[in-house]
Amino acid sequence: MPDSQNPPEKMKFQLSLRRRGISDQAVLRTMEDVPRELFVEPADRGVAYCDTALGIACGQTISQPFVVAYMTEQLGLQKSHRVLEIGTGSGYQSAVLSRLCAHVLTIERYRTLADRARARLEKLGCDNVEVLLGDGFDVPAGAGNFDRILVTAAMEQIPDALAQRLEPEGVLIAPVGPLHGVQTLIRLVRTETGFERKELVDVRFVPALPGIAREL
Ligand code: SAH
């Protein structure tokens, strides 16, 4: 068995999430269940359970576990929810979401990343995730609206067209701020009269860029 499978590593991983304030039991259990070592580059398997972001193909990153757990907790997922994720990357966040809701549509602008994530998710049996090669700034109208939207790439602002894809009482979480600096996680809740906006914590994400990537 690979090193990262051994109990002390995983116990430390869980402990660090709890220590940093993650308390939702379903989220903690899911973080324990999803094998992060399958989503990192083979050379990084030994550090898969360290609480840091890691590089993946196409110059992108797999997010830091704490941030994945925190955003998932803040979404307040229910088993019945349809979720949209923008920025599939490795597919790790999608796998975490998939265990806590009914369906995940995840959109990625790099074909290589979309294909690899799809293969991993299939192998793990996450059959309620659809990986779409596309542009999160231009979500197909046919995809409908969502109970929860999670953006995992930095945006200068939340596009109104995206917020409009929330169902009533829907929740959107996105890192908002300078594309190459520190962003703030914003939580938008759709109310009867508009949107309620709350600032959560500071984060650093790779930028959301428009259009499908021309390079693979
Ligand atoms: N959630 C991922 C990490 C995302 S990194 C994980 O768990 O591994 C951000 C990803 O967003 C990158 O893969 C990047 O290519 C993608 N991205 C950036 N702009 C995008 C856009 N407009 N539409 C779809 N994906 C985008």
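Miscellaneous remarks
- Boolean, T112 is in contact with a Cys (Cβ under 9 Å, 6 or more places away or on another chain), at pLDDT 95 or above and either crowded, with 22+ Cβ neighbours inside 10 Å or farther than 18 Å from A69 by Cα (or both): yes
- Residue check for E196: on the phi > 0 side of the Ramachandran plot, open to solvent by 60 Å² or more (accessible area, probe 1.4 Å) and not hydroxyl-bearing (S, T, Y): no
- Within region 23-71, the set of residues being among the small types (G, A, S), in contact with a strand residue (DSSP E or B) (Cβ under 9 Å, 6 or more places away or on another chain) and open to solvent by 10 Å² or more (accessible area, probe 1.4 Å) comprises A53, G55, S63.
- When region 162-181 is filtered for residues that are more than 12 Å from P207 (Cβ to Cβ) and open to solvent by 70 Å² or more (accessible area, probe 1.4 Å), the ones remaining, listed by number, are Q164, P168, E169.
- Flag for A119 being open to solvent by 50 Å² or more (accessible area, probe 1.4 Å), under 18 Å from T88 (Cβ atoms) and free of Cβ contacts under 8 Å to residues at least 24 places away in the same chain: yes
- Some residue of region 183-203 being under 30 Å from D51 (Cα atoms), away from the ligand (no atom under 14 Å from the Cβ), assigned to a loop (DSSP other than H, G, I, E, B) and more than 16 Å from the chain's Cα centre (by Cα): no
The values are calculated or read from the model by the stated rules, or taken from the named source; none is laboratory data. Note that the coordinates shown come from a computational prediction; the quantities given were computed from them, not determined experimentally. All Cβ positions, glycine included, derive from the backbone under ideal geometry; neighbour counts span all protein chains shown. Accessible surface areas use protein heavy atoms only, side chains included; no ligands, DNA or RNA. Shrake-Rupley method; radii C 1.70, N 1.55, O 1.52, S 1.80 Å.
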